[in-house]
1. Out of curiosity, is F156 aromatic (F, W, Y) and within 16 Å of the chain's Cα centre (by Cα)?
2. Filter region 84-99 down to the residues that are under 19 Å from the mean Cα position of the chain (by Cα), away from the ligand (no atom under 11 Å from the Cβ) and surrounded by fewer than 21 Cβ atoms within 10 Å (Cβ to Cβ) and list them by number.
3. Restricting to region 256-284, what's the tally of residues that are surrounded by 13 or more Cβ atoms within 10 Å (Cβ to Cβ) and either more than 19 Å from the chain's Cα centre (by Cα) or not in a helix (DSSP H, G or I) (or both)?
4. Looking at R240, R203, R230 in this structure, which one is more than 15 Å from the ligand (Cβ to nearest atom) and free of Cβ contacts under 8 Å to residues at least 24 places away in the same chain?
5. Go through region 128-163 and give me each residue that's of a type outside the set (D, E), more than 16 Å from P285 (Cβ to Cβ) and within 8 Å of the ligand (Cβ to nearest atom).
6. I'd like the residue in region 110-119 that is buried (at least 23 other Cβ atoms within 10 Å of the Cβ) and in a loop (DSSP other than H, G, I, E, B) and, out of all such residues, is nearest to the ligand (Cβ to nearest atom).
7. Any chance you could count how many residues in region 32-57 are in a helix (DSSP H, G or I) and more than 7 Å from the ligand (Cβ to nearest atom)?
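The values are calculated or read from the model by the stated rules, or taken from the named source; none is laboratory data. All values reported here derive from a predicted model rather than from experimental measurement. Methodologically, a virtual Cβ is constructed for each residue, glycine included, from the backbone with ideal geometry; neighbour enumeration extends over all protein chains shown.
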Amino acid sequence: MNNALILGGTGFVGRHVCEKLVRAGWTVTVATRRRSNAREVQHLPGLTVAELDVHDAAALARAAAGHDALVNLVAILHGTQAAFDKAHGELPQKIAGACAAAGVGKLVHVSALGVNAQKPGALPSMYLRSKSMGEAILLASCSQLALTILRPSVIFGAGDKFLNVFASLQKVFPFMPLAGAEARFQPVWVEDVAAAVVKSLERSGAGVQTLEACGPEVFTLKQLVEISARLAGVNEGQGRPVFGIPAWAGALQARMMEMMPGAPLMSRDNLDSMRVPNVATPGMPGLATLGIEPAALQGIARDYLSQGSPWHDLLGVRLRSHFR
Ligand SMILES: NC(=O)c1ccc[n+]([C@@H]2O[C@H](COP(=O)([O-])OP(=O)(O)OC[C@H]3O[C@@H](n4cnc5c(N)ncnc54)[C@H](OP(=O)(O)O)[C@@H]3O)[C@@H](O)[C@H]2O)c1
């Protein structure tokens, strides 16, 4: 029997990973800070939800006991330096310890495109530097395991906080001033990322593999914003005028978004991350290594964007609460 402990299994990618693992016959434990966060996966057969502070090394090692595999999907997009270091650097250290203590033989760590485990200091954002630190720690301490490090570009799919948010913004605002408009991305479908996690767990033998997870096409951010509105039918399918703004204005815009209630739509650190092209590195192995042919964006995004997005309502609530 294959048993996997999933950290971050309640999130956008995690929900798809859980579903695929269950379908493939795995027994799954999802660790979560709050049981209520797991409502979208708790019904899956053979899945157990465990309330756990993953940052408690001893508790994590106890939770890992009895599992053949561990998947780490925990990440944050916004926060202080200390919060990034804790989530992306210190947690992998604890995961390495837990795997060693509990005899877990397989580990899949979902990182991010643009990470450089050899030169973390050279990267422009707290997100990328802390993610790099996490990879470096795992590479140094888990070489005896079957370790897969997966580096996705931005991930799209039903319920994403990416195309849905761009489309929702354009339902509310008549035009889109966009920071980082020319930043490049190679978006990958959430189902392809989840399939890559499952296939990585099912590979035989030990050793480390680092794979990039990218879709088949490269887009600028501006193109993605325009596509999202078109597919969502905003302004009768014409979308809104989208124009790039200079870096200083982007930083000011991000600063203002950071001051709004809830998680910011865009932070200054997100802008810093976009200075690294989010596209496949020539020569790096990708999804094809796992036999996955990645899906193109528009056919899939049309389906979920044209149905309307819960982000539209959420955005409306946030704006009303801010400007009241
Ligand atoms: N989404 C993308 O476009 C994208 C692109 C590149 C890479 N990735 C990577 O893919 C992985 C999964 O991303 P995702 O989009 O699924 O993220 P997500 O939806 O934000 O989910 C992350 C999960 O991590 C847990 N978590 C969040 N903050 C935590 C904290 N401070 N301490 C402990 N647990 C915490 C949460 O679980 P509980 O609330 O249940 O505790 C949450 O379900 C991450 O490593 C991310 O960096 C994502």
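1. Details: aromatic (F, W, Y): yes; within 16 Å of the chain's Cα centre (by Cα): yes.
When the stated conditions are applied, F156 passes them.
2. Those that are under 19 Å from the mean Cα position of the chain (by Cα), away from the ligand (no atom under 11 Å from the Cβ) and surrounded by fewer than 21 Cβ atoms within 10 Å (Cβ to Cβ): D85, G89.
3. Step one: filter region 256-284 for residues surrounded by 13 or more Cβ atoms within 10 Å (Cβ to Cβ), giving 257-258, 260, 263-281, 284.
Next, only the ones that are either more than 19 Å from the chain's Cα centre (by Cα) or not in a helix (DSSP H, G or I) (or both) stay: 257-258, 260, 263-267, 274-281, 284.
Going through region 256-284 one residue at a time, the tally reaches 17.
4. Just a single option satisfies the conditions, and that option is R230.
5. Kept after step one, since they are of a type outside the set (D, E), are these residues of region 128-163: 128-134, 136-159, 161-163.
With the extra rule that they be more than 16 Å from P285 (Cβ to Cβ), the set shrinks to 128-134, 136-138, 140-145, 154-159, 161-163.
Listed by number, the residues that qualify are K131, V154, I155, F156, K161, F162.
6. A112
7. 3
The rows are residues; the columns are (1) within 10 Å of the ligand (Cβ to nearest atom); (2) in a helix (DSSP H, G or I); (3) in contact with a Ser or Thr (Cβ under 8 Å, 6 or more places away or on another chain); (4) modelled with pLDDT of 95 or more.
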| residue | (1), (2), (3), (4) |
| --- | --- |
| T10 | yes, no, yes, yes |
| V17 | yes, yes, no, yes |
| K20 | no, yes, no, yes |
| V30 | yes, no, yes, yes |
| A59 | no, yes, no, yes |
| H67 | no, no, yes, yes |
| I76 | yes, no, no, yes |
| A82 | no, yes, no, yes |
